[in-house]
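Structure first, then comments.
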Amino acid sequence: MIDLVIIPLFKIAVVLNGVLVSVTFMVLLERKVIAWAQSRLGPMRVGPWGVLQAIVDPIKLILKEDITPTKADKWMFTLAPILSLVPALVVFSVVPFGGDALFYITDINVGLLFIISVTSIGVYGIILAGWASNSKYPLLASLRAAAQLISYEIAVTMTLVSVILTAGTLSMVGIVEAQQETGFWFGFVQPVAFVLVFIGGLAETNRIPFDLPEAEQELTGGFHTEYSGMRFALFFLAEYANMIVIAAVVTALFWGGWLRPFPSVDALFPSVGALSFLNLAFLDLIPSWVWFFGKMFVFLYLFIWIRATLPRYRYDQLMRIGWKVLIPIALANIVVTAVVKVWLL
Amino acid sequence: MVETIVFYTLSALILGLGVAVITTPNTVHSVLFLVMNFLCVAVIYVVLEAEFLAVIQVLVYAGGIVVLYLFVVMLVNLKRDPEAHQDPRRLSLVGLALAGAVLLELAGIVVYSYSREPSAPVAAAAASPVQGNVEQIGWLLYTDYLIPFEVASVLLLVAMVGAIVLAKREL
């Protein structure tokens, strides 16, 4: 009873709250980092250096009036934000935040496929939001978003196949353990796959430079133009939760998950032992989840950094990158990985 | 016991959702009922301990194919009923005949599968040298069922080429 019900429920509660709280602070971090990149100060009024802005923003969103357009499809209009947030949160059930069974909710033998398939459900939220609003711009934006998500999902899924080939398992914990056994993080074994998944992740979370579904200048805000108050906040939450998902998946698949860095300094220079004087065992003292969150933070920061730096692609450029660049490279990567795996190892 | 209850609940849900798919006047709602239907089928796979199939069901059907349905439904204006639906009785005989044929086929499958030993795939899966869902499916696909597997992939390739030829008349 305790093992099957209470402990999982407790873990789920902790993870959900952790995700939602970190989303609010992600928004603050994003505003701050972009402000620094543009020589501004960012939010400064609420609390010291504007830290409490993270708490005030959600309160503002909850208190705002919740409007449903008269011509909207009421049911779908309510369902859409829920449909986009729930898959983003469900994915966290198989993310391994640490090496011990205490630090992940569950580990299933099709973990990675589970993540891919659940995130593919999220596109319904976006399509339905645009359709149910019964308004031009949201509809256009949702069509763009759906086309973009489907195109980049194919590229990302194909790329992940090569990671699965390298690891020999679909379980998220198993993939991290495979990196421990080989001694090399898959980011070094599969650099091309890492870049592809990261670019695909940017596109799937509708971030700059792929934020065409939300292009303010052309679409007045995108598929959630007609939303206000808490329902708008759900879309917001979903987008940032998806960013955290991408960061977590990239961390687990390519950068060793909860493993400490430099697992194989001696393996790099076996004959010389040049670095053996560097005793890195003290790194083991740091708990595994700290490494995981540290690595995740790097990628979340990278997301924000890219947003502050790059301009937006045109729509034809976006589709060309997805179909004519990413997918062929992903296919080639699968072939190369399979050949190396079968004949050279 | 629990599995039986879950199975019958899900079966009732699937049937109900299937009826909803064909009776809902709004096409977008109908497509969404179809998604829910596919998700319930995925849960049945989980109950049968076929996690791989369940996840693929969600990924391919709910996450891929139905999204394209929804795309088409949203792009084509279906607010007005198509002409063929004006006379509801016109196609009902053909429909009845088709439904009867499907029912017969399903009944045949049920009788056939009860009348003999565990079917070939089940026996083969039990005998395969690998453990685990994904591994067993992969093993069977690349040993006993290699030719059907390759034929299916060629079929998909043909469909893809056909779609490209239809879309781009002059290449």
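What are the semi-axes of the equivalent ellipsoid of segment A:96-214, taken as the square roots of 5 times the eigenvalues of the Cα gyration tensor, listed largest first and rounded to whole Å? Could you put the intermediate results ahead of the total?
Numbers: eigenvalues 209, 53, 23 Å².
Taking √(5λ) for each Cα gyration eigenvalue gives 32, 16, 11 Å.
Is the shape of segment B:1-78 best called rounded, prolate or oblate, per the rule: a/c under 1.5 gives rounded, else a/b larger than b/c gives prolate, else oblate, with a ≥ b ≥ c the square roots of the Cα gyration tensor eigenvalues?
Values: a/c = 5.64, a/b = 1.63, b/c = 3.45.
Here segment B:1-78 falls in the oblate category.
Which whole-number percent gives the relative contact order of chain A, counting Cα pairs below 8 Å spaced six or more residues apart? Don't skip to the end; give the middle numbers.
Details: 478 pairs, mean separation 78.9, N = 345.
Computed over chain A, the figure is 23 percent.
Which loop GluC sites (Glu not before Pro) in segment B:1-53, with loop taken from DSSP, have no more than 11 other Cβ atoms within 10 angstrom of their Cβ?
B:Glu49
How far is helix A:172-182 tilted, in degrees, relative to the longest principal axis of the Cα atoms in chain A, given as a value from 0 to 90 rounded to the nearest 10?
For A:172-182 against chain A, the angle is about 30 degrees.
Sorted by packing (mean other beta-carbon atoms within 10 Å per residue), highest first, where do B:93-103, A:333-343, A:241-251 land?
Values: B:93-103: 9.9, A:333-343: 13.6, A:241-251: 24.3.
Top of the packing list down: A:241-251, A:333-343, B:93-103.
Would you mind putting A:34-46, A:66-78, B:104-116, A:141-153 in packing order, based on average other-beta-carbon counts within 10 Å, highest first? Intermediate results must be reported in sequence, preceding the final value.
Numbers: A:34-46: 12.9, A:66-78: 14.8, B:104-116: 9.2, A:141-153: 22.8.
Going by the mean number of other Cβ atoms within 10 Å, highest first, we get A:141-153, A:66-78, A:34-46, B:104-116.
Please list A:305-314, A:125-134 highest first by mean number of surrounding beta-carbon atoms within 10 Å per residue.
Working: A:305-314: 13.5, A:125-134: 25.9.
Per-residue mean Cβ counts within 10 Å order the peptides as A:125-134, A:305-314.
Calculate, axis by axis, the spread of Cα positions in the protein assembly as shown along the three principal axes, and write the results as whole Å, longest axis first.
Principal axes ranked by extent give 83, 62, 61 Å for the Cα atoms.
Could you give the angle, 0 to 90 degrees to the nearest 10, between helix A:191-204's Cα long axis and the longest principal axis of the Cα atoms of chain A?
Helix A:191-204 sits at roughly 10 degrees to that axis.
For each pair in A:Lys11/A:Lys32; A:Lys74/A:Lys136; A:Lys11/A:Lys60, compute the distance between the two Cα atoms and list the pairs where it is over 23 Å. Walk me through the numbers on the way to the answer.
Working: A:Lys11/A:Lys32 31 Å; A:Lys74/A:Lys136 17 Å; A:Lys11/A:Lys60 29 Å.
Pairs exceeding the cut-off: A:Lys11/A:Lys32; A:Lys11/A:Lys60.
To test your reading of the geometry: what angle, between 0 and 90 degrees and rounded to tens, separates the Cα axis of helix A:111-121 from the longest principal axis of chain A?
Approximately 10 degrees, to the nearest 10.
Every number here is computed from the coordinates shown, using simple stated rules; none is lab data. It should be emphasised that the depicted structure is a prediction, and the values quoted were computed from it without experimental measurement. Counting neighbours? That spans all protein chains shown, and the Cβs are built from the backbone with ideal geometry, glycine included.
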